[in-house]
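Have a look at the structure below before the remarks.
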Amino acid sequence: INGNGIFTFQFMAKKDIRALSLQQLTEVFEEIKQPAFRAKQVYDWLWAKGLVDFSQMLNLSKDLRNYLEENFTINAVKIHELQVSSDRTIKCAMRLHDNYVVESVLIPHQTRMTACISSQVGCSLTCKFCATGKLKRMRNLNADEIFDQVVLVKNTANEKYKAALTNIVYMGMGEPLLNYNEVLSSVEKITSPKGLGMSPKRITVSTAGVSKMIGKLGDDGVKFNLALSLHAANDEKRNQIMPINESNSLESLAQSLNYFTQKTGTRPTFEYIAFRDFNDSIKDAQELVDYCKRVKSKVNIIEYNTIDKGELRQTTKERLLAFTQHLENNGVICNVRHSRGKDIDAACGQLANKNKLVSPELK
């Protein structure tokens with residue numbers, strides 16, 4: 001009641017329960033005179049089982065479930081739309097709690113099931129070959145939103161193909177190293193025995209090349225794999241298609257990558273899209289050979305997927321063969337990766353969220 005005798009109410013926003021650590025959750029339960037093991041039960045539902053509904057936490061009393069419902073929220077990610085490619089690749093449009101949409105992809109293979117997940121809504125980089133780079137970056141994803149993508153793709157693999165998820169690549173929308181803390185937190189939840197328990201060696205984080213943050217990965221002693229979107233071993237050419245190179249030159253990247261390997265014992269992988277008459281000559285191949293001699297690595301040659309009004313073109317089979325043979329003849333370990341899901345715009349570089357935004361009134 002204020003000085004004028006008028007009642008005023010202050011509504012407190014519900015807290016996101018998945019933003020709490022196990023210790024913080026334990027403290028919440030202590031405050032309401034609940035034993036510590038109750039916090040562990042809730043934590044297990046959230047992270048090991050990926051549950052997003054308090055009412056389904058059936059080993060808790062109804063009163064306790066009601067308390068959680070009244071005081072906390074779970075900002076769950078939901079599948080808005082699924083598209084299935086002729087090659088069995090599945091693109092998942094994921095709706096966030098604020099109605100933004102990101103895209104994740106399930107890539108089936110004879111020996112593995114891979115989830116390609118996003119780390120940002122849109123992207124702040126403007127790589128010429130990437131449809132996502134033509135979008136505005138709206139915001140970073142939280143660790144729980146990244147985690148949810150993995151759970152939903154994992155469930156999709158089981159439902160559609162009766163197969164377990166085996167690999168995760170942070171190669172969807174956004175630059176993971178510009179969302180560093182949340183990405184590492186999501187990896188911790190995915191790999192923890194208290195979470196999904198996946199091996200970090202089954203996870204690859206792909207970056208366009210943020211030298212400072214690559215060095216920080218080394219300092220933090222990460223256990224997952226690192227991939228660098230290289231696409232040219234020549235600063236002038238790389239500047240043309242990847243503006244980030246202007247502030248993160250090949251020299252600075254070589255230094256940070258070697259530091260990363262020294263600290264973690266893990267060699268990076270170079271991703272190299274071969275563009276016709278741009279970076280697919282024998283001279284370009286030799287520049288890549290020279291760069292690989294400076295940075296212990298392996299190379300994935302990736303088929304280019306044309307995007308709307310793109311200036312770049314896919315190389316020919318003949319030029320690609322000559323390029324890869326030159327690499328192999330000079331001792332570079334390389335693999336050619338053929339794109340999957342092109343007919344549904346799910347292939348590498350094609351994620352552009354053509355769903356745009358979900359209508360705010362959509363429930």
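The values are calculated or read from the model by the stated rules, or taken from the named source; none is laboratory data. Source: prediction; values computed, not measured. Glycine also receives a Cβ, built like all others from the backbone with ideal geometry; neighbour counts cover every protein chain displayed. What goes into the accessible areas is simple: the full protein's heavy atoms, side chains included, and nothing from ligands, DNA or RNA. Shrake-Rupley method; radii C 1.70, N 1.55, O 1.52, S 1.80 Å.
Points to keep in mind about this one:
- Test: residue in the range 276-287 that is in contact with an Asp or Glu (Cβ under 8 Å, 6 or more places away or on another chain), among the β-branched types (Val, Ile, Thr) and at pLDDT 75 or above: no
- The sole residue among Cys292, Cys348 that is at pLDDT 95 or above and under 22 Å from Ser206 (Cα atoms) is Cys292.
- The helices (runs of 4 or more DSSP H) located wholly in the range 219-295 that include 2 or more residues which are in contact with a helix residue (DSSP H, G or I) (Cβ under 9 Å, 6 or more places away or on another chain) and among the basic types (Lys, Arg) occupy 235-241.
- Subset of the range 57-71 (residues that are under 17 Å from Lys40 (Cβ atoms) and part of a helix (DSSP H, G or I)): Leu64, Arg65, Tyr67, Leu68
- The one condition in (1) open to solvent by 60 Å² or more (accessible area, probe 1.4 Å); (2) assigned to a loop (DSSP other than H, G, I, E, B); (3) under 30 Å from Ser211 (Cβ atoms); (4) among the polar types (S, T, N, Q) that Asn181 fails to fulfil: (2)
- For the range 208-222, the criterion of being closer than 30 Å to Lys40 by Cβ and in contact (Cβ under 8 Å) with a residue 40 or more places away in the chain is met by at least one residue.
- Single residue of the range 16-42 satisfying the filter (among the aliphatic types (A, V, I, L, M) and buried (at least 19 other Cβ atoms within 10 Å of the Cβ)) that is nearest to Phe54 (Cα to Cα): Val42
- The single residue among Tyr100, Tyr170 that is touching a Pro at 6+ places or on another chain (Cβ under 6 Å), of a type in the set (Phe, Trp, Tyr) and on the phi < 0 side of the Ramachandran plot turns out to be Tyr170.
- Taking the criterion of being within 11 Å of the chain's Cα centre (by Cα) and β-branched (Val, Ile, Thr), the residues of the range 154-208 that qualify are Ile168, Val169, Val183, Val187, Ile203, Thr204, Val205, Thr207.
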